[in-house]
Amino acid sequence: MADVTGYLNTPWPAEDGGPRRLQVPHGGAGLGLQPGEGLHATAVTRLMSTMTVLGAAGEVYLLTHSAMRARVGLPTSCRVSLVDPVTLAPQAKSPSLPGGPMWPGGMALHANGDLYVMYGRWAHRLGRDCRVKEALKLPLDLPYNSFVVLDCGLIVTKNISEGRNARLSVLRPDPLGFACADIECPEPAIARLSACGNTLYVVGVHSIFRFDWDETAQTLVLDDRWRADYASGSAQTYGWDPVLALGQAWFMDNGKHRYRTSMIGRGVSRTPNRLIRVNLSDSNDFEAIEVSGAAGGSVTNPPLVDEARRIVVGFDSANRVLRAWSFDVDSRLLTGLWRKDGIGAASHMICLPDSGEIVTNDFGPGGEHVVVLDIETGAEKGRARIGGVTQGVVFPSPGWGRDVYWSAMSRFGRVSVVGA
């Protein structure tokens, strides 16, 4: 079950379901596809759809952002819409929210019941009717790639930085404002943040490190006893978002890519990409294993971990490979379970442990498809076509029944279970 302390208690209050990025709904039984059942997709054109979160029963919020202005160096914006859970028609919309520099942002429902949006260099606080309550300009004229909410309720965000050390901003949610001075990271960082309790995890361009919120000092403090250097001395490029599960931090490297409409063949480093495991109790205990073994491997997202079955799923989007391992918690040994070649998986995923399913994507002829797999065998249980010209690399969410919502940059869809 996903952790939602600090967030509104809903099935899916934030990207990846919560700050540990387990990609697991808070409650619900999964799709549970049975023989004779299939998947049906309702899809609409929604340019730059990024993610959905779920509020009260029937509430589905969609985050979109602009892109064309960025191509000519102009500021961009984002918008939040409350959409009909079945037809996807907008029921309420925020005004255009200023952002500035473009990058897919983030949205979450805080435990106080309000929506918080991080896009570009702006933080916005919205009511559930999508009306703006507060806005805050962030310190740097750079895009901030989303945020996490700590158990204490504070919001932490970070600028995207490849050339200079990244900076963390800690925000109080009510009234929206800065809780302390910015904290400088020990290196640049591209990946989104993760958190467990009041401990924040950051994947930098060379190493993974963490900060603890010090209530007495009212600031984040770097844990100088925990840091794993995963990339220095190699040809690997930076890692992406970490998943905190089974006592480990899990992420994948070779994150630098040339995405245009898909990740296929878009790796930059000529080395294979790797799945990396770092022990949360001892950062000296870490390993990196190749996902596909193919040259030019690359991803732009995190792996998936089913804590109930102790299964880890990684992928190589550039070479169209999806692979699963079983994980022994005591020996920390990864053993291969299955491998699927020729599947265009690139997006964040959904883990449905009650039904033993994972939801991923496959991009190829006909555009984007949403695919449901058995996590223990890799067997395909169903698929539905979303279409569009772009491969999804952002955030899906579960729906309110036997359904999921899928954001694929140029398309937005609902995929539901239907009879034969």
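Extension gain for SER234-VAL132 works out to 32.1 nm (0.36 nm per residue, less the C-alpha to C-alpha distance).
Listed by chain and number, the aspartates and glutamates whose C-alpha is less than 16 Å from the C-alpha of LYS137, apart from same-chain residues fewer than 8 away, are ASP174, ASP182. Between ALA67 and THR5, the modelled label-to-label distance comes to 3.8 nm, taking each label 7 Å out from Cα in the direction of the beta carbon. Since only LEU280, VAL371, THR76 are under comparison, the one whose Cα sits farthest along the positive direction of the charge dipole of the chain, derived from C-beta charges on Lys, Arg, Asp and Glu, is THR76. Residues considered: ALA249, ALA189, ALA379. Largest GNM mean-square fluctuation over the chain, using C-alpha springs under 10 Å, is found at ALA379. Evaluated with a Cβ-only charge set (Lys, Arg +1; Asp, Glu -1), region 15-419 carries a dipole of roughly 1520 debye about its Cα centre, given to the nearest 20.
Any lysines with Cα under 20 Å of the LYS93 Cα? List them, leaving off those in the same chain fewer than 8 positions away. Within the straight-line cut-off, LYS93 pairs with LYS133.
Neighbour counts of other Cβ atoms within 10 Å put TRP338, TRP325, TRP250 in the fewest-to-most order TRP338, TRP325, TRP250.
Modelled spin-label separation between ARG258 and ASP141, with each label point placed 7 Å from Cα along the Cα-to-Cβ direction: 3.0 nm. With contacts taken as Cα pairs under 8 Å and at least 6 residues apart, region 15-419 reaches a relative contact order of 16 percent. Computed from phi, the 3J(HN,Hα) profile of region 273-285 under the Karplus parametrisation 6.51, -1.76, 1.60 (θ = phi - 60°) reads 7, 10, 8, 10, 10, 10, 5, 5, 8, 8, 5, 6, 8 Hz, with x in place of Gly and Pro.
For region 242-259, putting each phi into the Karplus relation 6.51 cos²θ - 1.76 cosθ + 1.60 with θ = phi - 60° gives couplings of x, 9, 9, 8, 6, x, 10, 9, 10, 7, 10, 10, 6, x, 6, 8, 10, 4 Hz, in residue order, rounded to whole numbers and with x for Gly and Pro. Neighbour counting of Cβ atoms within 10 Å sorts the residues MET252, MET349, fewest neighbours leading, into MET349, MET252.
Here's how it looks for ASP285: its modeled amide H is under 5 Å from those of ASN279, which are all 5 or more places away or on a different chain.
Summing +1 for each Lys or Arg and -1 for each Asp or Glu, what net charge is found among the other residues whose Cβ lies under 10 Å from the Cβ of GLY296?
+1
Around the amide H of LEU337, modelled in the peptide plane, lie the amide H atoms of ALA324, TRP325, SER326, all under 5 Å away and 5 or more residues distant in sequence or on another chain. GNM on the chain, alpha-carbon springs under 10 angstrom: the most fluctuating residue among SER347, SER146, SER96 is SER96. Per-residue 3J(HN,Hα) values for region 162-174, derived from phi via the Karplus relation 6.51 cos²θ - 1.76 cosθ + 1.60 with θ = phi - 60°, read 10, x, 9, 4, 6, 10, 9, 10, 10, 10, 8, x, 8 Hz in sequence order (x marks Gly and Pro). The slack between ASP341 and ALA379, meaning 0.36 nm per residue of separation minus the straight C-alpha distance, is 12.4 nm.
If the chain linking GLU37 and VAL86 were pulled fully straight, counting 0.36 nm for each residue of separation and taking away their Cα-Cα distance, it would gain 15.7 nm.
Near TRP240, the amide H atoms lying under 5 Å from its own belong to MET252; only residues 5 or more places off or on other chains count, and H is placed 1.01 Å from N.
Taken together, the values in this text are just the output of simple stated rules run on the coordinates, not laboratory data. Quick caveat, the model's predicted, so the values are computed rather than measured. All Cβ positions, glycine included, derive from the backbone under ideal geometry; neighbour counts span all protein chains shown.
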